[in-house]
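What follows is one structure encoded as structure tokens, with my remarks underneath.
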Amino acid sequence: GGLIAVLAWGGISAWSAFGPGFVWSTAWNPVTQHFGAAAPVFGSVVTTVLALVFAVPLAFGIAFWLVEMAPAMVAGPIGMAVQLLAAVPSIIFGMWGFFVIVPAMAHYVQPWARVHLGHLPGIGMLFQGPPYGTGLLTAGLVLAMMVTPFVCAVMRDVFVAMPAQIRESAYGLGATRWEVMRSVTLPWSRPALIGGIMLGMGRALGETMAVTFVIGNTNRIGWSLFSPGNTIASLIALEFPESPAGSLKLASLLALGFILMVISFLTLACSRLLLRRGGA
């Protein structure tokens, strides 16, 4: 409550100057003192969605393999190694993304996607643009690597915590490993799995330095996955040191922080709603 109050009070000047239009305005011009939140909000949402699209299937596959298929002497060290990724500082992921992922995207992935997918009707616009290497897709990939250990650790712990009698009963009825996972384990562990995914989403929404390295840091909305952009967290990190106390720019940054808090609470509320409907 204190955090929300501080952010809301600090952003009063921005809300007074721009009104509700601050939320959907794409402008960010410190020279003319005109600021808007649409571009960083768009970047935060898109990169988070991309990160979850890549991370959740990967985390589920790793957790399923560790619990159901891998030998015990192999599952322990590999599971520990995956969890140790969560201890890697975010700036290290950002440097890795800048020196490894960005050149690979610029030299191989983006040119190939532009040639083979850019002409497709409907989705072709997602693969347009010059191959700079930085952009929304690159940021989503780096975030996916950061989110995967958190989601995988939760999934693995939930799968292990399931009572053995339930799993053995399904095997006794002739179910395969995948049938047990799909029809028994997943329904039993669904609330905890959603909680793990929400944990990963929260990490992706608030990530700063890793995204700053690879997203391009451009305050505009581009519908291509390869277009540069910005997120709320990265914009605050870049612009905060240059914002004088009491300035409209600082108030706009605090208002952006308030919007990020609101987005986080909305995602949490949606997850709780999904759990209630599923339980019903």
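The values are calculated or read from the model by the stated rules, or taken from the named source; none is laboratory data. The model shown is predicted, which means the values in this text are computed figures rather than measured ones. No Cβ is skipped: glycine too gets one built from the backbone with ideal geometry, and neighbour counts run over all protein chains shown. In case anyone asks, the SASA skips ligands and DNA or RNA and just uses the protein heavy atoms, side chains included. Shrake-Rupley method; radii C 1.70, N 1.55, O 1.52, S 1.80 Å.
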Exercise. Under 9 Å by Cβ, and 6 or more places apart or on different chains, what pairs join a residue from the range 234-255 that is farther than 21 Å from PRO20 by Cα with one that is charged (D, E, K, R) and in a helix (DSSP H, G or I)?
Worked result: GLU239/LYS249; GLU242/LYS249; SER243/LYS249
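Can you pull out the residues in the range 80-116 that are aromatic (Phe, Trp, Tyr) and loosely packed, with under 14 Cβ neighbours inside 10 Å?
Looking only at the range 80-116, we keep the residues that are aromatic (Phe, Trp, Tyr), and these are 93, 96, 98-99, 108, 112.
Scanning the range 80-116 gives PHE99, TYR108, TRP112.
Every residue in the range 46-88 that is of a type in the set (Asp, Glu) and within 27 Å of ILE221 (Cβ to Cβ), please. Steps first, please.
Residues of the range 46-88 of a type in the set (Asp, Glu): 68.
Across the range 46-88, there are no qualifying residues.
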For this session: Just need a number here: residues in the range 183-212 that are under 16 Å from LEU50 (Cα atoms), open to solvent by less than 30 Å² (accessible area, probe 1.4 Å), out of contact with any Gly (no Cβ under 7 Å at 6 or more places or on another chain) and among the hydrophobic types (A, V, I, L, M, F, W, C).
Result: 3
Exercise. Within the set of pairs 6 or more residues apart or between chains, which connect a residue that is more than 19 Å from VAL100 (Cβ to Cβ) inside the range 209-222 to a residue that is in a helix (DSSP H, G or I) with Cβ atoms less than 6 Å apart?
Worked result: ASN219/ALA39; ARG220/ALA39; ILE221/ALA39; ILE221/PHE42
Exercise. Quick one: which of ILE259, ILE236 is of a type in the set (Val, Ile, Thr), open to solvent by less than 30 Å² (accessible area, probe 1.4 Å) and within 28 Å of LEU137 (Cβ to Cβ)?
Worked result: ILE259
Exercise. What are the residues in the range 11-48 that are assigned to a helix (DSSP H, G or I) and exposed (fewer than 14 other Cβ atoms within 10 Å of the Cβ), if any?
Worked result: ILE12, SER16, GLY21, TRP24
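Being among the polar types (S, T, N, Q) and outside any helix (DSSP H, G or I) is the filter; apply it to the range 231-253 and report the residue that is nearest to the chain's Cα centre (by Cα). So that I can check it myself, show each step before the final result.
Step one: list which residues in the range 231-253 are among the polar types (S, T, N, Q), which gives 231, 234, 243, 247, 252.
Next, from what is left, pick out any that are outside any helix (DSSP H, G or I): 231, 243, 247.
Working: THR231: 11, SER243: 27, SER247: 31 Å.
Ranking the candidates gives THR231 first.
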